[in-house]
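Shown next, in structure tokens, is the structure this report addresses.
None of the figures in this text is laboratory data; all of them are computed from the coordinates on show. Just so we're clear, the structure is a prediction, and the values are computed from it rather than from any experiment. Counting neighbours? That spans all protein chains shown, and the Cβs are built from the backbone with ideal geometry, glycine included.
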Amino acid sequence: MKKNMTRSLRLWVQNTLPMENLLPDSMPSYVDSYVYLFGILTVAALVWLIITGTVLAIFGPEWWHVSPVGHFFNSMHFWSVQAFFFFMVLHLWAQFMMAAWRGGRHWTWIGGWLLFLVSIVAGLTGYLSQNNFDSQWIGVQGKDAINSTGIGGFFNILNFGQMYGLHIFVLPMVIIVLLAIHLMLVRMHGVVEPLPNGKEEVDNGEKVAEQ
Amino acid sequence: MARKWRNNNADFPQKPYDLIREMLVALGIMGALVLVLAAVFSTPDVPALTAQQVARQDPKLLLQNALDDLSGQDAISTYGPPYNNSGTAQSIAGFSPAQIAGVQIPINSAKVNVLDPLNKVAKIDTSLQSPLQTWSKATVKQRSAWVNHIESALNHATLQHGVLVVPAASPDSYGPLPTMLNAYLGLARSGLLESAIDGGSGPMPATNRTESLLLLQDVPDAQYANQLDMSGNQWGIIKETGNYPGAVWLWFYTLLYQIPPFVNSSSADLEVVLTTGIVTILLVLTPFIPGLRSLPKVFGIYKLIWRRWYRTTTKKGRGHA
């Protein structure tokens, strides 16, 4: 009998990420610190980035230079970026300090880093899309680093059209997909348990996962 | 049948939690935060430096720029890949990714920045056709002599009613350059120079401004950036104009440019990028690197994060606590 791919997918989802894990209404009681808010504040900043970025995209890249309303939306977008990276870096440091890769959570850690790296490129393309002296200066200064790696011919940071397209569509889509995977992995594995409160060696989680 | 996935969160004592409520509260807090920050601090928007601005404020700088382009002494003519092969690409121990990638955006500064825009003007102002033909028919040696003569005369030149007047010399000393440079100055002053450079391929909107951005990328941009306290040695690349925070998350990358051995290297960009890349890969692979993955235990910040949990558990308590 032929394998039913639809049924297989359904069963995989049901088994891998049951709804009570995806949308939990309780947490282990060790989840009791402000550091646990850094992740969700990063996601919240991303939502505001997308909302304000969508408004800016609808009216076009020149709008914010000529309209006070546009400038205000650009300001909200700008400060959302600062908040996004501020909380993302805090989240990253907090996860490092908690050795949050334990218990088979290494893909969550690696995926988080990928999100950080793609976000850096998204931020760069945003700065380059400003159409002012900041974008001009960042472009002519930054090109040397990109060109030294040999990718300057493909990823040409002086090409506004390319940077703008990457910034308003391609990179946000990549971030959203990576974030969906990241959150799914977080919910699959659950919140990492506290480190042993002794002097034991921290391992990569294999032993913990077996217990 | 797939294995039923199970995480060990349920093995620990539970407390009530509402994911959706937390998300909505976070959205509200973040919305209020960015609204207030935007209202109080706004954002910088210093207009881009244009050839028109340079032509008005420092016309001789623009003309020197054009002469450098015409004589191949500008920074791009000696840049190397991806723009041309006449420069030395950055390399580490003979490894040069830029050299391997080769010339992908060919740029001839004299043609792109000066001659092509002037040829467009010559279609409207036909008196420019003859000087341009004289230039194109001249030998490289002759062109170089004209450029050298007018360069040395530029310091003593004056602008009278917007027209460059160079000190009198024997008729052939400057060749067609005074006429060409005055037409160039006029084109720049009109605000059409960048469009004449970028619009070379037709009437499509100039969404790719590589060539016009490279026009002023050396001295004019750097002078303007210095005035705005934006140059690299002032850590300008991680802040915006007006002391606004920029990409501060790139502090490590930017820091490397300030310290030896990178600060004095001719391949600083490649070295900094590769070093940052290696450090990043190490951090990404932290879970698999003995020693590095044990650092959280050394720092002990986790004791602060989970202090209430540790207080409520005993050595014989739950799980691994």
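My understanding is that a pair violates if its Cα-Cα distance is over 32 Å; which of B:60/B:120; A:143/B:123; B:60/B:123; B:15/B:303; A:143/B:137; B:120/B:141 do that in this structure? Can you show the working numbers first?
Values: B:60/B:120 22 Å; A:143/B:123 34 Å; B:60/B:123 25 Å; B:15/B:303 20 Å; A:143/B:137 35 Å; B:120/B:141 26 Å.
Where the Cα-Cα span goes over 32 Å, the pairs concerned are A:143/B:123; A:143/B:137.
Assigning unit charges at the beta carbon (Lys, Arg +1; Asp, Glu -1) and nothing else, what dipole magnitude in debye, to the nearest 20, does chain B show about its Cα centre?
So the dipole magnitude of chain B works out to roughly 2500 debye.
Farthest toward the dipole's positive end in chain B, which of B:87, B:61, B:112, given Cβ charges of +1 (Lys, Arg) and -1 (Asp, Glu) about the Cα centre?
B:87
Which of A:17, A:90, A:171 ends up with the largest GNM mean-square fluctuation for chain A, with Cα atoms connected below 10 Å?
A:17
Hey, with R₀ at 35 Å, roughly what FRET efficiency would residue B:15 and residue B:251 work out to, going by the Cβ-Cβ distance, to 0.05? Walk me through the numbers before you get to the answer.
Details: r = 37 Å, r/R0 = 1.07.
Step by step, r from the Cβ atoms, then E = 0.40.
Peptide A:127-135: average number of partner chain Cβ atoms within 10 Å per residue? Numbers along the way, then the final one.
On the way: counts 4, 0, 0, 6, 4, 9, 14, 14, 2.
Counting Cβ atoms of other protein chains within 10 Å of each residue's Cβ and averaging gives 6.
Quick one: which residues, 5 or more positions from residue A:26 or on another chain, have an amide H under 5 Å from its amide H? H modelled 1.01 Å from N in the peptide plane, none for Pro or chain starts.
B:17
For chain A, give the magnitude of the charge dipole about the Cα centre (Cβ charges: +1 Lys/Arg, -1 Asp/Glu; no others), in debye to the nearest 20. Show your work: numbers first, answer last.
On the way: 10 positive and 12 negative charges, 141 e Å.
With Lys and Arg at +1 and Asp and Glu at -1, about 680 debye.
Applying 1/(1 + (r/R0)^6) with R0 = 30 Å to the Cβ-Cβ distance of residue A:154 and residue B:123, what FRET efficiency is obtained, to the nearest 0.05?
On the way: r = 35 Å, r/R0 = 1.15.
Once rounded, the FRET efficiency stands at 0.30.
What does the net charge come to around residue B:191 if you take all other residues with beta carbon closer than 15 Å to its beta carbon, with K and R at +1 and D and E at -1?
Neighbourhood net charge equals +2.
If you take each beta carbon of peptide B:212-220 and count the beta carbons of other chains within 10 angstrom, what is the mean?
That average works out to 3.
With each label point set 7 Å from Cα along the Cα-Cβ vector, what nm distance links residue B:163 and residue A:107?
For residue B:163 paired with residue A:107, the spin-label model returns 7.5 nm.
Answer with one residue from A:127, A:186, A:37: the one whose Cα lies farthest towards the positive end of the charge dipole of chain A, charges on Cβ with Lys, Arg +1 and Asp, Glu -1.
A:186
Indicate the helices, whole DSSP H runs only, in chain A that combine a mean Kyte-Doolittle hydropathy of 1.0 or more with a Cα extent along their long axis of 20 angstrom or more. Provide the component values of the computation, followed by the final result.
Values: long enough: A:37-59 (33 Å, 2.47); A:68-97 (43 Å, 0.88); A:106-128 (33 Å, 1.30); A:133-148 (23 Å, -0.43); A:171-189 (27 Å, 2.11).
Correct list, ordered by number: A:37-59, A:106-128, A:171-189.
Pick from A:162, A:141, A:95 the residue whose mean-square fluctuation is largest in a GNM of chain A, springs joining Cα atoms under 10 Å.
A:141
Which is farthest toward the positive dipole end of the protein assembly as shown among A:141, B:36, A:175, measuring Cα position about the Cα centre, with Cβ charges +1 (Lys, Arg) and -1 (Asp, Glu)?
A:175
Provide, for q = 0.12, 0.19 Å⁻¹, the log10 of I(q)/I(0) from a solvent-free Debye sum over equal Cα point scatterers in region B:51-221.
-0.57, -1.30
Please compute the contact order of chain A in relative form: average sequence separation of alpha-carbon pairs under 8 Å and at least six residues apart, divided by the residue count, as a percent. Spell out each step's value before the answer.
Details: 173 pairs, mean separation 56.6, N = 211.
RCO, chain A: 27 percent.
Taking the Cα centre of region B:51-221 as origin, sum charge times position over the Cβ atoms of Lys and Arg (+1) and Asp and Glu (-1), and report the length of that vector in debye to the nearest 20. Let's see the in-between values first.
On the way: 10 positive and 13 negative charges, 66 e Å.
My answer is approximately 320 debye.
What's the longest piece of chain A with no exposed trypsin sites (Lys or Arg not before Pro), counting a site as exposed if DSSP puts it in a loop and it has at most 13 other beta carbons within 10 Å? Please report the intermediate quantities before stating the final value.
Details: sites that count: A:2, A:3, A:199.
Counting only loop sites that pass the neighbour cut-off, the longest clear stretch is A:4-198.
What full-extension length gain, to one decimal in nm, is calculated for residue B:108 and residue B:294 as 0.36 nm per residue of separation minus the Cα-Cα distance? List each step's numbers first, then the result.
Numbers: separation 186, 0.36 × 186 = 66.96 nm, distance 5.42 nm.
Once the chain is fully extended between residue B:108 and residue B:294, it gains 61.5 nm.
Would you look at the GNM of chain B, springs on alpha carbons closer than 10 Å, and say which of B:261, B:290, B:106 moves the most?
Comparing B:261, B:290, B:106 in a Gaussian network model of chain B, the most mobile one is B:290.
For chain B, find the longest principal axis of its Cα atoms and tell me its angle to the long axis of helix B:140-154, 0 to 90°, nearest 10.
Tilt of helix B:140-154: around 80 degrees.
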